[in-house]
Amino acid sequence: MENEILVEKADFIPAVQKMLAEKARFGTTSCVDLGDKFELIYHFEPQESPEPLTHIRVKIAKEETLPSISSMYLCAALIENEIQENFNVQISGIALDYQKRFLRSKESPESALLKPVPYAPKPPARLPVRCGEACPAGIDIPRYVRLIGEGKFAESLATIKQSMPFPGILGRVCFAPCEDNCRQAKQEEPIAIRMLKRFAYDHASYGEKATAKQTGKRVAIIGSGPAGLAAAYYLAKMGHGVTIFESLPQAGGMMRVGIPSYRLPRKILDDEINMVKNLGVEIKTNTKVESLDTLFKDGYQAVLVATGAHQGMKLGVEGEEHPKVMECIDFLRDVAFGKMVKLGDRVMVIGGGNAAIDSARTALRLGSKEVTILYRRTRAEMPADAEEVEEAIKEGVKIEFLAAPKKIFSENGAVTLENIRMKLGAPDASGRPRPEPIEGSEFKVGVDSIIAAIGQTPAVPEQFNIEIGRFGNVIVAEGDTFATSKEGSFAAGDAVTGPASVVEAVGAAKKAAISIDKYLGGKGVLPVEEIKVKEPTSRHTFLERWQEKREVEVSIVDGSVTVSVEKKRAEMPCLPLEERLGKFDEVELGLTEEMAIAEGQRCWRCDLEQ
Amino acid sequence: MARTVIPFGPQHPVLPEPIQLKLELEDETVVGVMPIIGYIHRGIEKAAELNDFRQNVFICERICGICSFIHALTYCEGAEAMTSVEVPPRARFLRVFWSELSRTHSHLLWLGLLADSMGFESLFMQIWRAREMILDISEMTAGHRIIQSTCIIGGVRRDIDKEMAKEVDKRLLAFKEMLDSTIAPVLLRDPTIKRRAVGKGMLSKEQAELLGAVGPTSRGSGVAIDIRQTGYAAYKEVGFEPVVETAGDSYARTLVRAREVYQCVELMRKALSMMPEGEILVRVDGYPEGEAMSRTEQPRGELIYYFRGNGTNNLERLKIRTPTFANIPTLLVMLPGCEMADVPVITLSIDPCIACTER
Amino acid sequence: MSTGWLIGSAVIAVIVAPLIGGLLRGIDRKLTAHMQGRIGPPIMQPFYDVIKLFGKERCVAGKAQLVFGYAYLTLIVTAVVFFALRQDLLVVLFILFLGCIFLAIGALSVKSPYSQLGGHRELLQFLAYEPILLLAVVPIALKLQSFRIATIFESGQPLLPHLWLSFIALLIVLAIVMRKSPFDISSSEHAHQELVRGLVTEYAGPYLALIEIAHWYEMVLLLSILGLFWVVGSLWWLSIIIALGSWFIILIVDNISARLTWSWMLRFTWVAGISLIGSNILFINLGWM
């Protein structure tokens, strides 16, 4: 600019003194942040010529202090205060120093006369959200995600515990219907709700507090799977004496025998089971219940049948009884209980569900070199979790799509599988395209063992004397009450629905527990611990976060470091591939604290805003 | 009576905008004052960096509701200097017209508020009734009563044709008539107003210069600072002489504004009659580059904009110094020693526009 | 006049006085609005305001303030009753003063600086108008040899021709009591004042409504005292005209002046009031009136 005087910091005061001697009028000061320096331009209007202005330009490093000119020009005090606050420029000796409280963004400490009126802001009414509605256990998902975003992990865990007892287990193995329904998925990527649940469990502790008075009633639960344990948890909390009967040597049901330990470490499972035991629940392992009537005779007022679905389905092909063909459920159970299973190098897994993927990945860990999955449709139709499939392929599992077994026989010492190619036809009852065999496309594969993983059904003993549905071998239970055909006995979990997920079993068990409590004369109210935590008081969260987001992209922390945090879905840190094979160490390592908080803040908070 | 501290504001019925004056009183005499601002900081300077430099006109217009046109004008002058645009003469005259229209309604608003702060309700009502006439002219010519939004980079958006100019002239004369018959006599003669304003809030010429007072505050103390003298827009052609009073008290500042209202009417009529035919808007190519300053006279005083551009669509820095920002320090010498009852009158006499100040 | 009739009129006064006061406030607002070229609120607006205030949350800054507020109302009502019973005018005035002092103490009992300053100013204001009001009664006594209101009624001749100087002094008092410009110093009728509402800043809801009603009583009492200047003979209705006429004069003054300061008010009321009443007393003694 014209009439500009560029001065060094040392010459600054003399230059201003010269202006004062010339009786120039002070206009204002402009401050520009140059990244590593501040540029301050002092504008003066000389007395003789009003136009143009004279400018004194001075550049100082960020940590340098500039002397104030307010001793000469008192009117400069206000603008110096403003620059001091807005830019963090250090200015010394301001005549009227507001000490960075120029802007009233903070509470003014000296305003003792104006006392705030005690007024409790009401939290805004919350809206129904898709993630929460999708959750079979009915967890208050937006709340716990938000609490993690605020860094309140214990409160977050307590929020989960209000509606679901096993965050440690479900934080690892839940197939997360919430994430499929996350609204954010449409625009960006869904919030990693399941990982956050696991994070809350790993980083916070929760003491079981809310327990009702003992009622003196006794309930027997058959099966210690997710449904049985969850029901036991809730019934114990409601004050009933609970005994669980488990035919296997260890409790956990499908969580122990169906889910391999690289997905669900046994320590976590044991901790969760111990948590239930600590509530006073007795678990009798290696005890097979023969008849419900004996239980009633033993003094139990109600019985919950939660036997799960442990019976593998038959392939229905020729040569199925071959000794090298095994049921996936038997295979996984043997592995889980540490029995030696010899598979050989080449393993063929038949099926496309989670059980098939688990079997394949387990086989890899047992030392098999070549593991192939045979599935009759394409990847899009696979019922298994997409993430799991991804991991399996990463680890080296091959998947043969559009192929089905036709015949199994021995050839040259090895077991041979004759397969047939398929093509997709018209949609069937489940909505998926029906696979149709292509005539003459048979091919043979030689393998060392075959694992059949095409599904399981419940196997309910006939002695129980309860009504069994015509399809799928499941127990018939009333929709709301979970009561079976036998007075005082209830059923929940896979035994009712057929093979489903852990979270669905937990959700059903919760409802069944309420129903049993009502049957036993209770009110059916779950004891819930109140969480004391500050709730948002307005719906303006979107605006706030929008600003936050912008700030994060450009903000400068500690002087010069530019931090640019991309608001993308957190990636779960995983065990490197080479460390996975041959061991059963947990693959997913859990989010770090920063990742979890960032992920929690990413949530759109659909419960608070549209 | 012991010393009392009165929090005068930020919410107080006689203050139209949130500024807090912490008044230290001894009986009813003010012995100390601390102005506290910062209640409505909106970060407009930052917003101007984030938006397209053409859109900034409308952001700057919203810095102040009362003198919005002049903010837009100042911004446009600076932006035009940076993009080397020559504004057509007709547009410059129209800019003078709307600037003075803004000034008129701002001064009338202030005179009304002053009367209200003195408890002179009927005068307040009369002055605001006169202001309605000005707002009607604004609506007629610009389409809006307060925020005219007619100024854009390269010229103005609306023209005033001959017929409308005639109507405006007629209305301005009627307005002047109303001033002559009802408002001016009261302001000049009423003994109670004089009793409340004469000798209250003294600001000597030296103090005004030292504290950097601008606008009517300084002109009331005999300092003839008026940026319109530099002849921006078409003030050179229209001709301008600043209004100056020398008493330096609240009454002098009131008189400066009252006389300026008359002056504004004259300037508007002149601008409309001298306006040449021609274009009102030119195309603006290129982006702002380098640095520029732009200064105008707002109803409250000198308005300074500092621009820095880097040849892109966004400005690198926009610094705005509003007149009230320069006038607040004068309260530090005007208030101590006065009576509590005079605080509203003295505070208002600088015409504080806090929304401007904080931006 | 029979005792029964007197008691009856006292009961009527207690019931009717606030109604008249509220109505006058309504008309006041309407007239003021018309003088300022506005339409103004409906005439019943003061009643709506008070009814609304009664419906609000009960909330006080301090218990003492509440007690003093009630004391103010009770004493003003007592003064009205004594007036209706045609008792001693001095008693009526002292009860009125006591009530007003309670109002000021009520304001001083709260910590808010606005209320404090308002109470302080109210006391100063009180100092300004109390001597005038008291002294204005003296010429009446001089003329009639009695302070009893009943005597005024029985005297048979109007006072105004002899006491018009005191009457003018009382008009100043009326303006102060009605809190009108240029005397709206301790508490303005609207809140656009440096002390917000000064004296009554810290009263809210139903308690503010009580203060408002007491204020109506006070105004009606003052107007009645002004009416005493012509209560006799066949032209008794002139007393009402006189009272309303003085009230209207106050309204006009309110609309043509700005608010002034308490120091000016003290000087003005003492100089003008005392000289007016002093001359009046002098003239009576000299036998000119």
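The values are calculated or read from the model by the stated rules, or taken from the named source; none is laboratory data. The structure presented is a predicted model; accordingly, all values stated were derived computationally and were not measured. Don't worry about glycine lacking a Cβ; one is built from the backbone with ideal geometry, like all the others, and counts go over all protein chains shown. Protein only, heavy atoms only, side chains kept; ligands, DNA and RNA dropped before computing areas. Shrake-Rupley method; radii C 1.70, N 1.55, O 1.52, S 1.80 Å.
Table for the structure above
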| item | result |
| --- | --- |
| Point-to-point label distance, B:Glu266-B:Glu177, nm (Cα→Cβ direction, 7 Å offset) | 2.1 |
| Relative contact order %, the range C:3-286, counting alpha carbon pairs below 8 Å whose residues are six or more apart | 25 |
| Highest average packing first - B:321-332, A:214-225, B:143-154, Cβ atoms within 10 Å | B:321-332, A:214-225, B:143-154 |
| Average partner coverage of A:302-310, which counts Cβ from other chains inside 10 Å | 0 |
| Nearest-0.05 FRET efficiency for B:Arg3 and C:Ile274, computed from C-beta distance (R0 25 Å) | 0.15 |
| Under 13 Å from the A:Arg432 label point (7 Å along Cα→beta-carbon), backbone N, the range A:441-473 | A:453-456 |
| Average beta-carbon neighbours from other chains, 10 Å sphere, peptide B:5-11 | 4 |
| Accessible area buried, both sides summed, chains C and B with 1.4 Å probe, Å² | 2600 |
| With all protein chains modelled, accessible area of A:Ile468 [1.4 Å, Å²] | 60 |
| Where no second cysteine Cβ lies under 4.7 Å, the cysteines concerned in chain B | B:Cys60, B:Cys67, B:Cys76, B:Cys151, B:Cys264, B:Cys338 |
| Under 23 Å between alpha carbons - lysine pairs in the range A:4-92 that sit 8 or more apart or on different chains | 8 |
| Accessible area (Å², 1.4 Å probe, nearest 10) - B:Met164 | 50 |
| Value of relative contact order over chain A, rounded to a whole percent, pairs C-alpha under 8 Å and six or more apart | 15 |
| Ranked by how many other beta carbons lie within 10 Å on average, peptides A:176-182, B:275-281 from highest | A:176-182, B:275-281 |
| Pairwise centroid distance, computed over Cα atoms, of the range C:124-143 with the range A:385-417, Å | 114 |
| On Cα atoms only, tilt of C:237-255 relative to the major axis of chain C in degrees | 40 |
| Calculated [θ] (222 nm, deg cm²/dmol) that DSSP helices of n ≥ 4 give over chain C, each run adding -39,500 (n - 2.57) | -24000 deg cm²/dmol |
| For the range A:337-353 versus the range A:425-445, the gap between their alpha-carbon centres in whole angstrom | 25 |
| Mean residue ellipticity (222 nm) of chain B, computed from DSSP H runs ≥ 4 via -39,500 (n - 2.57), nearest 500 | -15000 deg cm²/dmol |
| Span-rule helices in chain B, defined as complete DSSP H runs reaching 15 Å or more along the axis (Cα) with Kyte mean at least -0.5 | B:68-83, B:89-117, B:121-142, B:250-274, B:323-334 |
| A:Asn412-A:Asn274 pseudo-label distance in nm [points 7 Å out on the Cα-to-Cβ vector] | 5.3 |
| Pairwise centroid distance, computed over Cα atoms, of the range A:182-230 with the range C:32-94, Å | 64 |
| Spacing of the two label points (7 Å from each Cα toward its C-beta) at A:Thr287 and A:Lys534, in nm | 5.0 |
| Length-normalised contact order of the range B:3-358 in % [C-alpha pairs under 8 Å, at least 6 apart] | 26 |
| Spin-label proximity, A:Glu381 to the range A:408-441 - amide N less than 19 Å from point 7 Å beyond Cα toward beta carbon | A:419-441 |
| Accessible surface, the protein assembly as shown, averaged per residue in Å² (probe 1.4 Å) | 41 |
| Rounded to 10°, Cα long-axis angle of helix C:45-54 versus longest principal axis of chain C | 50 |
| Cβ-isolated cysteines (cut-off 4.7 Å), chain A | A:Cys31, A:Cys75, A:Cys135, A:Cys174, A:Cys182, A:Cys328, A:Cys574, A:Cys603, A:Cys606 |
| Rounded accessible area of C:Trp164 (nearest 10 Å², 1.4 Å probe) | 120 |
| Scattering profile of the protein assembly as shown at q = 0.04, 0.08 Å⁻¹ [log10 I(q)/I(0), Debye over alpha-carbon scatterers] | -0.42, -0.99 |
| Cβ neighbours within 10 Å from other chains - mean over A:65-74 | 1 |
| Computed helical MRE - 222 nm, chain A, DSSP H runs ≥ 4 contributing -39500 (n - 2.57), nearest 500 | -9000 deg cm²/dmol |
| Anchor A:Lys297: aspartates and glutamates whose Cα lies under 14 Å away (excluding residues fewer than 8 positions away in-chain) | A:Glu487 |
| Ordering of B:309-317, C:102-110 by packing [mean C-beta count within 10 Å, highest first] | C:102-110, B:309-317 |
| Candidate lysines for bridging to B:Lys166, where Cα separation is under 23 Å - those fewer than 8 sequence places away on the same chain excluded | B:Lys176, B:Lys270 |
| Under 19 Å from A:Lys407, Cα to Cα: aspartates and glutamates that are on another chain or at least 8 residues apart | A:Glu318, A:Glu320, A:Glu321, A:Glu327, A:Glu418, A:Glu436, A:Glu439, A:Glu442, A:Asp448 |
| In order through the range A:448-460: 3J(HN,Hα) via Karplus (6.51 cos²θ - 1.76 cosθ + 1.60), integer Hz, x for Gly, Pro | 9, 8, 10, 10, 8, 10, 9, x, 10, 10, x, 10, 9 |
